[in-house]
Amino acid sequence: MEKKPYYITTAIAYTSGKPHIGNTYEIVLTDALARFKRLQGFDVRFQTGTDEHGQKIEEKAAAAGVTPRQFVDGVAAQIRQIWDLMNVSYDKFIRTTDEDHEKQIQKIFKKLYEQGDIYKGSYEGLYCTPCESFWTPSQLVDGKCPDCGREVKPAKEEAYFFRMSKYAERLQKYYDEHPEFILPVSRKNEMVNNFLKPGLQDLCVSRTSFTWGIPVDFDPKHVVYVWLDALTNYITGLGYDADGKSDALFEKYWPADVHVIGKDIIRFHTIYWPIFLMALGLPLPKQVFGHPWLLMDGSKMSKSRGNVIYADELVNVFGVDAVRYFVLNDMPFEGDGNITWELITERVNADLANTYGNLVSRTAAMARKYFAGELRDAGAAEPVDGELKAMACALRDKVAAKMDEFKISDALGEIFAFLRRLNKYIDETAPWQLARDEAKRERLSTVLYNLAEGIAIATSLLAPFLPETAEKVFAILGTQPRGYETLNAFGLLPNGTRVSDADAHLFERRAYKDVEAAYAALHEPAKTEKAEQPAAKKHEPEYPAEISIDDFAKVRMQIAEVIACEKVEKSDKLLKSTVKIGDKTRTVVSGIAKFYTPEEMVGKKVVMITNLKPAKLRGIVSEGMLLCAEDEEGNLSLLTPEKAMPSGSGIY
């Protein structure tokens, strides 16, 4: 049976400099989607690349003392190196300086000019070089670019324009007939209300004030302006020919199934690009997914702010799959995500080292210890197995449904909920106790088989997200990845499969102070003989310096009673508790969902700091802090009064 084609793209990265982790998130997200579609049996074409023309590049090259071509060659190589570092499985890496792309842009420009969609005029307005955008005075925000907040400069020049308004009504009709075209839906509403309804302005599509661009062949003092050049990479990369002699790749894969882009360029992909395609007589892409931003500690990453994290730095400290997991798991579908070194450390420790890595390690170790590594379903089933098997068989379709909606974090959440269920299964069946009774040997064999089978199913579904880790796990289990069509069945691991002696240690659990030290080491200058001398400690001690009794008296701690509790939406870490303190109630958000269920929380009396400044977590105002103890493994236990005490009681 012939595979169904599936064409997926990222936005092409602008070659102005090294991409940070916020930029890199998009390529990892798209790679996970592409890999999952391949797992499902699609014939996937995955395209990415670089956008290499424009005034900004010309200026940066001049400042660096090199030609624009030398400059973009260097940056494009750096971008591709980072994409490869992140284990991205792209099929095509296009550069807008590729000869075949440039040739087609000239053909497209001429075709649109000859059919009357492009005309020559002149432009006078305010220009933002970093965004390569013209603005009218009324569009500015506090006199600056509304997109990036930087200074704009007056500009006047001859230019060619595209008649956008000619296609506005047709585009609105397309929106109405294809409600799934733009995701999330809020992005579509923004396009309609902010751009289509007020009326589309004709778009400047050539420039004469700089030369680093594709020349308009019939008017060579003009170069093709950014968006007509950049957006058309999605078709030129498939071999589109404006003369009607397109490659078989174009006939096979166009229209694209989805363009994955950042929310900041949604306007260009859902207004300009569809209109260009309409003018060329081509079908429109099926969907455009405008993903949110990855913020650094709540703020947009910016080199000028000094709050940038790079993918290679993170990989040096945590490894490729740990970084892939964090950005995929911690990015919501619509709202912006947040990244800090501390958050990554917590996520790797809790999810990858504890939940997943420890599960694989324990299962492999017990199989080797009790059965010399052999896995066998001895048929000694008990009722507790039924729930595990049902959850395993339902997992594939749950994950697929989330992936179809581009809710990547939720898809991972389904898999890790099953992994936590496998860990619970170990506690329920207690293999170490079964091993003490020879009469229960068949049951022990069945339990270990069920664990290995569950891990095989979960890992097959995790492979698009954590490809290197999946390979390691299957090597440990001594088996192969499961085909998609079999992932809704339990018990397909062949009896006699033997767990290997491969190292089952997948992820390292690390203290945050060690992560800080590893990061600092990346930025230390090369050691000299002098630098070999003992250095002063660079990190704060584990506990703060001594405080006075007056300092301690500033902290108000009271007994609080939990009267209601629920999970925070789209978070597997946070619980929202309503607590009673005397005759008052408050809301507290706590990172304890891995250790307590909402049902367990209700009725508990806990120790709470009640004069802590309120903070907003996931949009919820938290009005205090519940105190916990933590062991070396990262397990938490709430502090509770030894004897019955009324809520509101003070702690001294």
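Brief remarks follow.
- Summarising the amide proton neighbourhood of V152: residues at separation of 5 or more, or on other chains, whose placed amide H is nearer than 5 Å comprise C145.
- Short-range pairs are left out: with C-alpha atoms under 8 Å and at least six residues apart, the relative contact order of region 549-651 is 31 percent.
- Measuring against 30 Å, Cα to Cα, the residue pairs K92/K407; K424/K567; K56/K173; K111/K144; K166/K221; K173/K616 contain K56/K173; K111/K144; K173/K616 as the ones spanning a longer distance.
- As a length-normalised measure over Cα pairs under 8 Å and 6 or more apart, the relative contact order of the chain settles at 11 percent.
- The chain: calculated mean residue ellipticity at 222 nm from DSSP helix runs of at least 4, using -39500 (n - 2.57): -11500 deg cm²/dmol
- The Cα atoms of region 549-651 give a gyration tensor whose axes a ≥ b ≥ c have a/c under 1.5, which makes the shape rounded.
- Stokes-Einstein diffusion coefficient of the chain, Kirkwood radius over Cα pairs, 25 °C, 0.890 mPa s, in µm²/s: 87 µm²/s
- Inverse of mean 1/r across different Cα pairs in region 340-545, Kirkwood, Å: 19.0 Å
- Farthest toward positive dipole pole in the chain [+1 Lys/Arg, -1 Asp/Glu at C-beta], among T50, S647, A521: S647
- Helix 68-85 axis, angle to the chain major axis (alpha carbon atoms, nearest 10°): 20 degrees
- For region 163-233, the list of GluC sites (Glu not before Pro) that fall in a loop by DSSP and count at most 13 other C-beta atoms within 10 angstrom reads E180.
- Cleavage-rule hits (trypsin sites (Lys or Arg not before Pro)) in region 560-652: DSSP loop, at most 13 neighbouring Cβ within 10 angstrom: K643
- Amide proton proximity set for I592, modelled H, under 5 Å, gap of 5+: L575
- Among the cysteines of the chain, those whose beta-carbon sits 4.7 Å or more from every other cysteine beta-carbon are C148, C204, C393, C565, C628.
- Rounded, prolate or oblate (a/c below 1.5 giving rounded, otherwise prolate when a/b exceeds b/c) for region 276-419 by Cα gyration tensor: oblate
- Crossing angle, helix 320-329 versus the chain [Cα axis fit, 0-90 degrees, rounded to tens]: 80 degrees
- Of the GluC sites (Glu not before Pro) found in region 554-584, those that fall in a DSSP loop while having at most 14 other beta-carbon atoms within 10 Å are E569.
Each reported figure results from applying straightforward, stated rules to the coordinates on display, with no laboratory input. Here the structure is a predicted model, which means the values were calculated and not measured. Neighbour counts are summed over all protein chains in view; Cβ atoms, including those assigned to glycine, are modelled from backbone coordinates with ideal geometry.
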